Amino acid sequence: MALDFSAVLTGQHGDMIVRGATVTLELALGAWLLAMFIALLLVIIRLSANRYATRLVAVYVSYHRNVPTLIQLMMWYFAIPTLLPESVQMWVNDLNAEFLFSMFALGLCQAAYFSEDIRSGLRAIPDGQNEAARALGMGYMRAMGSVILPQGIRNALPSLINHSVLLFKNTSLAMVIGVTELTYVTRDLENQTFRTFEAYAIGTVGYLAFSLLLMGLGALLARRFQRAYAR
């Protein structure tokens, strides 16, 4: 059978690919922002002197790193809503529940990986950095935000980039609950056009291109950090 990519790239099929790619990018960005925000909170809590809080964070990290992401996503979409009051369930259903639940599931899961990446980066910082910041009169939170965390994130950048790419690829799992992202659209195109190779080739190229773009942006950011700290 001759290849015919025009069958999956033109007309309404081309629009489907654009919409699927857009949803994938929106889902990845929303989950990444949520994950980074929660990861920073987890790191700050884990570095505090509160023993019970640090143990709670350790449990959070252990759960999200050892339970498959797909199970977590299905737990959020199918199981957790059954615990909510009926009025809340109806309100959630009026929203884009599939997108929101998948964003929360992916963001909460990836936060565990980001927090460990940042914590590893912080371990590489000499103790004198924190002592110097405190000697200048900075409190714990200001020292963390102005001195310690920026250096820790710089040290953790390679791992953060790798896990950001992983987060982007994991958005494909959202298809199981009906999110019309790129993988969902790819399968739908194959069902409509019966052009199996062409449909999945388009999806493959899309994921590959975005992943390489993320890695390139990460490498550019790392070089900027190196030049800034070399001055």
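Rolling a 1.4 angstrom probe over the protein chains, ignoring ligands and nucleic acids, what is the accessible area of Tyr52 in square angstrom, nearest 10?
So the heavy atoms of Tyr52 present about 150 Å² to solvent.
Mind giving me the FRET efficiency for Ala222 and Thr22? R0 is 35 Å, r the Cβ-Cβ distance, nearest 0.05 is fine.
On the way: r = 28 Å, r/R0 = 0.80.
Result of the calculation: an efficiency of 0.80.
How far apart, in nm, are two points set 7 Å out from the Cα along the Cα-to-Cβ line at Glu131 and at Leu212?
So the label points at Glu131 and Leu212 sit 4.9 nm apart.
If you take the charge dipole of the range 131-231 about its Cα centre, with +1 on Lys and Arg Cβ and -1 on Asp and Glu Cβ, which of Ile177, Thr196, Gly206 is farthest toward its positive end?
Gly206
Give the Rg/Rh ratio for the chain, taking Rg as the radius of gyration of the Cα atoms and Rh as the Kirkwood radius, to two decimals.
Value, to two decimals: 1.06.
Give the accessible area for Arg51 in Å² (nearest 10); use a 1.4 Å probe, count only protein heavy atoms, and leave out ligands, DNA and RNA.
Rounded to the nearest 10, that gives 130 Å².
Please compute the contact order of the chain in relative form: average sequence separation of alpha-carbon pairs under 8 Å and at least six residues apart, divided by the residue count, as a percent.
29 percent
Roughly how many Å² of Glu98 are accessible to a 1.4 Å probe, to the nearest 10?
So the heavy atoms of Glu98 present about 60 Å² to solvent.
Would you mind calculating the relative contact order of the range 1-109 from Cα pairs under 8 angstrom and at least 6 residues apart, reporting the percent as a whole number?
Taking the mean separation of contacting Cα pairs over the length of the range 1-109, I get 38 percent.
Of Ser102, Ser6, which has the most accessible area with a 1.4 Å probe, and how do the rest follow in descending order?
Working: Ser102 0, Ser6 60 Å².
From most exposed to least exposed: Ser6, Ser102.
In µm²/s, what is D for the range 120-231 at 20 °C and 1.002 mPa s, where D = kT/(6 pi eta Rh) by Stokes-Einstein and Rh is the Kirkwood radius from Cα pairs?
124 µm²/s
With charges set only on the Cβ (+1 for Lys and Arg, -1 for Asp and Glu), what does the dipole of the chain come to about its Cα centre, in debye to the nearest 20?
Dipole of the chain, to the nearest 20 debye: 1320 debye.
Hey, what's the Kirkwood Rh for the range 1-134 if you take every pair of different alpha carbons, in angstrom?
On the way: mean 1/r = 0.0557 Å⁻¹.
After inverting the pairwise mean of 1/r, the radius is 18.0 Å.
The values are calculated or read from the model by the stated rules, or taken from the named source; none is laboratory data. Not measured: the values here are computed from a predicted model. Note: ideal-geometry Cβ built from the backbone for every residue, glycine included; neighbour counts use all protein chains shown. Just so you know, the surface numbers come from the protein's heavy atoms only, side chains and all, with ligands and any DNA or RNA stripped out. Shrake-Rupley method; radii C 1.70, N 1.55, O 1.52, S 1.80 Å.
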